[in-house]
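Please read the structure below before turning to the comments.
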Ligand SMILES: [Ca+2]
Ligand SMILES: [Ca+2]
Ligand SMILES: [Ca+2]
Ligand SMILES: [Ca+2]
């Protein structure tokens, strides 16, 4: 690591002559680091018994602040001892699930760490197994007396394996637990409130973060330490703060669309109701941002007409762009007003929890059609001149259905993206990336962009690289990556180039088979050739036949609706 490296979250990949790997998170911290000596062998039953039996003893005596790097093997409990002084406000936070978010062959599909703290008499003082919905625990310790304390970490099920790795950061660190309001409008210059531990100044000037719209991460600093990064959303829509009381239809807070309301489910059982006027046949989109902004709220929203009759209700709405969440707790719905009049929107916690940290942003607006894009995998390797498939996903918002054209915007050194059109109404395609014919030694960083016409204007968005990962044998997630990297296999072997004669989209007809034509090299005519339709995987599109003559491969596709 370069000694001047910025403390930042990096992506580490392995490159060899024949390929480049998937990314792995690698964190460069700014505190002293301790690395647990890693054993290749799991502990013996006798050693496990010794670990499980109190008193907690640790061979490692550490000075705070520190970041501990360790690994959990089957049955292991890692222990660390430190000295602390009365009145110190210590924060311990774990990065484990954040380092390797999903493990395909384990249930649950990540390392589920538990932190415990013991005093010098080996009395358990604190035990924490997560932080809200985040499986990585955060522990706060208000030191009651000078002394020696022992911190332990283990997997909740005492599982262990080489990829159960963790980092524990410990010290009198600032740690943000919530902020209010949890977002603002573009151009806002006010101060927001930061809540948490060891926060030097609870008033935070938002101007720098509010210059552009989008998801931001805010943090604060003491003279010694940086805090965690807390999500904060800057929107193009104006916002306001809820005013209590607003728990029933009579006291509902009057709002004017479009608006984002910054609110809280202030206490267990709090209900927030807003009312607005709407014209007949107008469609309204209602969206909660809470869990996605690290709020513990599990929202549920209800739309009612002027008489209080329920029109529509939503608890959880799947947002596949949130690859790290496994519980999509935020609510979303669209409804069309049946008549002119007053309408109500009610927001609650579905489990009737509440408190200062149960913050939300509630958007009530006309639909704002838009899209987000992912391309997977985030690294591809091919021989020079070869072609690889790429999956492109569109996450459509507020009813947006039109086609999206994907282009390579940094077409470095002759890379070609083919088939980058996501047809109307579809959310996933397979495109192909063809590598340049010459050998390139360095990995190439490519960038893609999608464009679509929305309400008469061309809207463009960068495509976020991602990797498809499996969780616990069954679930699949798209994990965003920082870069898309193409790498030319350094072992030169000839590639048989097959190119479509016409690259325009093909429209299949149910009456007559559709002919596809490809230019192929003469060598292919002398080989036995098998073709397989990879996508779409349906029963109503078949390859009827194929033949080669005059260096043209003809394929007949039959479509049976
Ligand atoms: Ca260990
Ligand atoms: Ca409230
Ligand atoms: Ca209320
Ligand atoms: Ca919910």
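Observations on the structure shown:
- Spatial separation of Cα centroids for segment 18-38 and segment 534-558, in angstrom: 47
- When 24, 253 are sorted by how many other C-beta atoms sit within 10 angstrom of their C-beta, beginning with the fewest, the order is 24, 253.
- Mean silhouette area of segment 239-365, derived from the convex hull of its C-alpha atoms and averaged over all directions, reads 7.1 nm².
- Förster radius 60 Å - calculated FRET efficiency between residue 61 and residue 410, Cβ distance, rounded to 0.05: 0.75
- Three-way shape call for segment 175-235 based on the alpha-carbon gyration tensor, with the a/c threshold at 1.5: prolate
- Over all distinct Cα-Cα pairs of segment 321-379, the Kirkwood formula returns a hydrodynamic radius of 15.8 Å.
- Per residue, the convex hull spanned by the Cα atoms of segment 120-272 measures out at 193 cubic angstrom.
- Per-residue Cβ neighbour rank within 10 angstrom, fewest leading, 549, 451: 549, 451
- Inverting the pair-averaged 1/r between distinct Cα atoms of segment 31-171 gives 15.2 Å as its Kirkwood hydrodynamic radius.
- Calculated mean residue ellipticity, 222 nm, the chain: -500 deg cm²/dmol, from DSSP H runs (n ≥ 4) at -39500 (n - 2.57) each, averaged per residue and rounded to 500.
- Its alpha carbons considered, segment 415-485 gives a radius of gyration followed by a Dmax of 15.4, 44 Å.
- Among beta bridges from DSSP that stay inside segment 31-171, the antiparallel ones total about 85%.
- FRET efficiency for residue 401 and residue 502, using Cβ-Cβ distance with R0 set to 30 Å, rounded to 0.05: 0.65
- Cα shape, segment 370-488, gyration tensor, a/c 1.5 rule: oblate
- Pairwise FRET efficiency - residue 549 versus residue 1, Cβ, R0 = 56 Å, nearest 0.05: 0.40
- Contact order normalised by residue count of the chain, Cα under 8 Å, 6+ apart, percent: 10
- Shape of segment 449-527, Cα gyration tensor, a/c cut at 1.5: oblate
- Packing-based ranking, highest mean first, of 204-214, 370-380 given that Cβ atoms within 10 Å are counted: 370-380, 204-214
- For segment 261-277, backbone nitrogen atoms closer than 14 Å to the point 7 Å from residue 244 Cα along Cα-to-C-beta are found at 263-273.
- Residue order, fewest to most surrounding Cβ atoms within 10 angstrom, among 11, 47: 47, 11
- Convex hull projection area averaged over all views, the chain, Cα basis, nm²: 32.4
- Within segment 499-559, the percentage of alpha carbon pairs spaced more than 14 angstrom apart rounds to 59%.
- Spatial offset of segment 262-320 relative to segment 215-241 amounts to 24 Å, using the alpha carbon center of each.
- At full extension, residue 123 and residue 461 could sit 116.2 nm farther apart than now, given 0.36 nm per residue minus the alpha carbon distance.
The numbers here are math on the coordinates, done by the rules we state, and not lab data. Owing to the predicted nature of the structure, the values given are computational and were not obtained by experimental measurement. Using ideal geometry, Cβ is built from the backbone for each residue, glycine included, and neighbour counts are taken over all protein chains shown.
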